[in-house]
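In what follows, a structure is listed as structure tokens, so that the remarks can point back to it.
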Amino acid sequence: MKRVLVLAAAVMAVVISAKAEVEFAYDAGAEIVSAYIWRGQYNGGLSFQPDVEIGFDGEHTSLRVGAWASLGSSDWMFRKDQGDGTAFTRFMPELDIVGSFSVYGLGVGFNHYYYFGGSNFFSWQNVADLDANPINTSTTEVWIGYNFSNVFGDKAGAYINWYTTVAGNDLVYDDITGDPRRAWSSYLEVGYGFTFEKVGISLDAQVGMSPWRSDLYGNGRFAVTNISLKIDKEWELDHCSINLFAQGSLNPDGMVTDPNDPGYNVVLWKAAGDDKLYTQKLNGVIGIGFWF
């Protein structure tokens, strides 16, 4: 008990000591991207993605909450009745609610992903039982990570983050009995970025992996699912900034393409009407962002 009290007092001392330097902060803007790429997965085509965060920043602390959305050309699916009684129209934009807190490089937070896909957002024809057609409408994950720039300075932008899904539609099914269980889908990401200050160009590299079976990431066992490199050029204007970027992502696991993979026989409700969702090994995106 004494150790717990000492630790709590130490944490409070760190927060209080940094409190005097904390000030209100916000970020707001939007990006237009040629494709929606998420952790190595192709999640849709041309998309508009607004983003806003508010909170408080200090020299060594940060508290933020915000929202991010994606509205893409692939977020609509229209399917005519082929005689099987499953004609429908789907509209599935995404809205994420996020929150984070960091102190001296150590960060924790949550991400809630919501896909507009319930009966209020669907027009079903000749489908007697909507429950027989489950739709992944939301998931919630928590994360913990460390940013090494707090130790080595801004020029050493190395970080490591661990994400775990704790709520929502995140199930795997027993290969024999078919019984569902929570997958606790997780993702480990290691990244490093640096900036060429004279030309205003930054490079960011990431490696991501799913440590165990997950239908969310499409792997049946430990798998490296994302190796990516991003180049970004930013221009600072009087009242805003503009950035152009390009990113390439390699998915060594191939995302649910091997019929012998235990993660292959899963029903993935695609977030859009694009046949190549979740199945490409190599993805790329170019985009432009506006920030205020």
Original post:
From the set of residues in the range 192-213 that are more than 25 Å from I242 (Cβ to Cβ) and without any contact (Cβ under 8 Å) to a residue 60 or more places away in the chain, which is surrounded by the fewest Cβ atoms within 10 Å (Cβ to Cβ)?
Top reply: W212
Original post:
Within the range 158-165, can one find any residue that is surrounded by 13 or more Cβ atoms within 10 Å (Cβ to Cβ) and either more than 29 Å from F290 (Cα to Cα) or without any contact (Cβ under 8 Å) to a residue 24 or more places away in the chain (or both)?
Top reply: yes
Original post:
Between a first residue in the range 180-191 that is in contact (Cβ under 8 Å) with a residue 24 or more places away in the chain and a second residue that is of a type in the set (D, E, K, R), which pairs have beta carbons less than 7 Å apart while being 6 or more apart in sequence or on different chains?
Top reply: A183/D170; A183/R213; A183/D215; S185/D170; Y187/R39; G191/D204
**OP:** Looking at (1) outside any loop (DSSP other than H, G, I, E, B); (2) at pLDDT below 95; (3) among the acidic types (D, E), find the lone condition where D238 falls short.
**Re:** (1)
**OP:** Among residues belonging to the range 89-102 that are polar (S, T, N, Q) and more than 15 Å from the chain's Cα centre (by Cα), point out the one that is modelled with the lowest pLDDT.
**Re:** T89
**OP:** Name every residue in the range 175-191 that is of a type in the set (A, V, I, L, M, F, W, C) and not in a loop (DSSP other than H, G, I, E, B), in order of residue number.
**Re:** L188, V190
**OP:** Specify which of the listed residues (I242, I231, I227) is without any contact (Cβ under 8 Å) to a residue 40 or more places away in the chain and β-branched (V, I, T).
**Re:** I231
Original post:
Just for the range 103-118: of the residues that are modelled with pLDDT of 90 or more and among the hydrophobic types (A, V, I, L, M, F, W, C), which one is farthest from W143 (Cα to Cα)?
Top reply: V103
**OP:** Go through (1) assigned to a strand (DSSP E or B); (2) surrounded by 15 or more Cβ atoms within 10 Å (Cβ to Cβ) and name the single condition I32 misses.
**Re:** (2)
Original post:
Counting just the residues of the range 173-201 that are of a type in the set (D, E) and closer than 27 Å to N226 by Cα, which one comes out modelled with the highest pLDDT?
Top reply: E189
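The rows are residues; the columns are (1) surrounded by 15 or more Cβ atoms within 10 Å (Cβ to Cβ); (2) at pLDDT 70 or above.
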{"residue": "E59", "(1), (2)": "no, yes"}
{"residue": "A69", "(1), (2)": "yes, yes"}
{"residue": "R79", "(1), (2)": "no, no"}
{"residue": "A87", "(1), (2)": "yes, no"}
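The values are calculated or read from the model by the stated rules, or taken from the named source; none is laboratory data. Not measured: the values here are computed from a predicted model. Here Cβ is always computed from backbone atoms with ideal geometry, including for glycine, and neighbour counts include all displayed protein chains.
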